[in-house]
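Remarks on the structure that follows.
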Amino acid sequence: MSFIAARVGDAISEIDTPALIVDLAAFERNLVKMANLATTAGVRLRPHAKTHRCATIAHKQIQYGAVGQCCQKVSEAEVLVHNGVRDVLVTNQIIDPRKLRRLAALAKSARVALCFDAFEPVTEASLAASEYGVVLDAFVEIDVGMGRCGVPPSDALALAMAIDQSAGLRFAGLQAYHGSAQHMKNHDERKAAIESAARAVRSSKESIEQAGLICETVGGGGTGTFRFEAASGLWNELQCGSYLFMDGEYASILDHDRQPYSEFEQSLFVLTSVTSTAVPGRAIVDAGLKSYTLEKGLPAVHLRNDIRFIGASDEHGTLALNAGSRAALGARLRLVPSHCDPTINLHDHFVCVRDDRVEAIWPISARGASS
Ligand SMILES: *Cc1c(COP(=O)(O)O)cnc(C)c1O
């Protein structure tokens with residue numbers, strides 16, 4: 001059984017708390033803005049579904065021109081394809097032959113792509129694709145500065161050639177995502193990080209093309225850096241995810257004018273109620289760390305600079321009130337999670353609101369899909 005905090009048509013005041021809510025007007029502005037930015041820049045958009053884990057949202061992004069979805073996990077890809085998404089890229093290293101067979105099975109009903117940074121999985125993926133009689137699109141992942149997965153640019157050609165020579169695999173291009181650049185505080189730091197990533201992409205691409213292979217797609221870019229990738233002339237597919245919702249981590253980075261990064265609006269909140277005011281200067285709310293994650297810090301209280309969020313336990317949040325400010329028993333507050341993706345994965349549904357009403361409930365259909 002999954003518990004639903006509201007019904008369509010309810011007033012916002014009737015939503016049971018805590019609840020994960022989406023301000024639809026802000027969400028839609030974010031959705032459309034990114035779609036338009038990609039179109040204007042002449043690049044494709046393949047948003048990352050690891051953020052929303054929701055087939056309904058995937059279809060909205062595709063309706064606004066996205067070519068498909070990125071996934072981090074085979075199980076996320078399965079949920080999306082079973083819900084009608086026809087083009088998925090797993091931006092991750094899949095090495096288990098059983099997982100590779102699951103992807104091959106999925107390729108019976110969708111275009112399925114995946115990334116490689118080693119030779120053994122290329123062999124295994126080729127076997128899986130041949131077994132199922134499908135073709136998998138294969139990307140070479142290069143490390144462009146994040147220091148996680150990906151080969152150094154000098155090793156990209158050998159892997160691309162191995163892919164090209166493998167039955168059941170089609171060499172599709174380069175995966176080049178710089179995750180750690182996304183939240184660098186200053187605009188110029190992010191710009192420099194992507195300039196450096198661009199050098200890695202250029203050298204990889206040149207060596208591959210000189211050998212006669214075609215780098216059809218270069219994918220990467222996130223919410224904090226996508227303008228740089230889009231303007232580089234190298235990347236042609238953006239993978240942004242957080243832009244739909246934003247979070248505290250993105251709220252803390254700065255734009256070129258040294259003002260807070262305001263490209264997109266906060267649209268995701270944890271709605272919570274004050275349940276205790278027994279101690280003066282303090283308020284306790286009913287949303288604790290089972291409603292938002294803490295690895296990037298405590299949530300903030302939306303539009304209430306007079307309230308500081310100072311602590312969280314399983315089912316409680318503790319707020320410190322400035323002298324003279326009030327948060328009455330039963331008062332409802334909107335919390336801004338510090339990190340949207342793992343917070344969403346704690347919930348079964350998005351409760352979507354517009355003006356004063358609940359307009360829709362969207363299941364987080366790939367919640368927990370981490371295999
Ligand atoms: C998370 C991720 C993104 C999206 O990053 P956001 O900061 O959420 O926009 C893009 N590409 C890859 C490979 C990712 O892992």
* 20 Å Cα-Cα threshold exceeded, pairs from LYS50/LYS296; LYS50/LYS99; LYS73/LYS296; LYS185/LYS296; LYS50/LYS73; LYS185/LYS290 -> LYS73/LYS296; LYS185/LYS290
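Please check the chain for the longest run free of trypsin sites (Lys or Arg not before Pro) that are loop-located per DSSP (anything but H, G, I, E, B) and have at most 14 other Cβ atoms within 10 Å. Each step should come with its number before you reach the end.
Numbers: sites that count: ARG7, ARG86, LYS108, ARG148, LYS185, ARG258, LYS290, ARG326.
After excluding every exposed loop site, the longest remaining stretch is 8-85.
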* Of GLN63, LEU80, ILE95, whose Cα points farthest to the positive end of the dipole of the range 19-101 (charges on the beta-carbon: +1 Lys, Arg; -1 Asp, Glu; origin at the Cα centre)? -> ILE95
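Roll a 1.4 Å probe over the protein chains and send me the accessible area per residue for the chain in Å². Each step should come with its number before you reach the end.
Working: 15370 Å² over 371 residues.
Accessible area per residue: 41 Å².
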* To do: Pop a pseudo-label 7 angstrom from the Cα along the beta-carbon direction at both ASP188 and LEU294 and give the gap in nm to one decimal.
  => 3.7
* Asked: What is the range 288-371's relative contact order, in percent, from Cα pairs under 8 angstrom and six or more apart in sequence?
  -> 28
* Which whole number in µm²/s is D for the range 136-200 by Stokes-Einstein, with the Kirkwood Rh taken over Cα pairs at 10 °C and 1.306 mPa s? -> 125
* Asked: Any idea what the dipole of the range 71-131 comes to, in debye rounded to 20, about its Cα centre with Lys/Arg Cβ at +1 and Asp/Glu Cβ at -1?
  -> 240
* Environment charge at GLY324 (Cβ cut-off 15 Å; Lys +1, Arg +1, Asp -1, Glu -1) -> +3
* Structure fact -> Fraction of alpha-carbon pairs in the chain farther than 31 Å apart, rounded to whole percent, equals 39
* Out of GLY288, PRO342, ASN322, whose Cα points farthest toward the positive end of the dipole of the range 268-371 (charges: +1 Lys, Arg; -1 Asp, Glu; placed on Cβ)? -> ASN322
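With a 1.4 Å probe and all protein chains left in place, how much of the accessible area of the chain comes from carbon and sulfur atoms, in whole percent?
Working: 7800 of 15370 Å².
So the carbon and sulfur contribution to the accessible surface is 51 percent.
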* **Surface/4 of the Cα convex hull for the range 1-106, nm²** => 8.9
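Can you give me the Kirkwood hydrodynamic radius for the range 104-228, using every pair of distinct Cα atoms, in Å to one decimal?
Working: mean 1/r = 0.0667 Å⁻¹.
Evaluated on the range 104-228, it is 15.0 Å.
Just from its helices, what would the mean residue ellipticity at 222 nm be for the chain, if runs of 4 or more DSSP H residues each count -39500 (n - 2.57) and the sum is divided by every residue, rounded to the nearest 500 deg cm²/dmol?
Working: 11 runs with 112 residues, N = 371.
Value at 222 nm, helices only: -9000 deg cm²/dmol.
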* How about the range 1-77: which chymotrypsin sites (Phe, Trp or Tyr not before Pro) there are in a DSSP loop, with at most 13 other Cβ atoms within 10 Å of their Cβ? -> PHE3
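May I ask you to derive the FRET efficiency for ASP356 and ARG258 from their Cβ-Cβ distance with R0 = 41 Å, giving the value to the nearest 0.05?
On the way: r = 36 Å, r/R0 = 0.89.
It comes out at approximately 0.65.
Apply the a/c threshold of 1.5 to the C-alpha gyration tensor of the range 285-371 and tell me whether it is rounded, prolate or oblate.
Numbers: a/c = 2.46, a/b = 1.44, b/c = 1.71.
Here the range 285-371 falls in the oblate category.
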* Asked: Which whole-number value in Å³ per residue fits the convex hull of the alpha carbons of the range 189-273?
  -> 99
* Inter-label distance, nm, simple model (7 Å from Cα along the C-beta direction), SER325/ALA167 -> 6.7
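What is the magnitude of the charge dipole of the range 177-320 about its Cα centre, with +1 placed on the Cβ of each Lys and Arg, -1 on the Cβ of each Asp and Glu, and no other charges, expressed in debye to the nearest 20?
Values: 13 positive and 19 negative charges, 67 e Å.
I would put it at about 320 debye.
Using unit Cβ charges (K, R positive; D, E negative) and no other charged atoms, how large, in debye to the nearest 20, is the dipole of the chain about its Cα centre? Can you show the working numbers first?
Details: 37 positive and 42 negative charges, 82 e Å.
Here the size comes out at about 400 debye.
How big is Rg to Rh over the range 177-233, alpha-carbon atoms, Rh as the Kirkwood inverse-mean-distance radius?
Details: Rg = 12.2 Å, Rh = 11.9 Å.
Taking Rh as the inverse mean 1/r over Cα pairs, Rg/Rh reads 1.03.
The values are calculated or read from the model by the stated rules, or taken from the named source; none is laboratory data. Keep in mind that what you see is a predicted model, and the values were worked out from it rather than measured. FYI the Cβ positions are ideal-geometry reconstructions off the backbone, even for glycines, and counts take in every protein chain you see. Remember, those area values only see protein heavy atoms, side chains included, never the ligands or the DNA or RNA. Shrake-Rupley method; radii C 1.70, N 1.55, O 1.52, S 1.80 Å.
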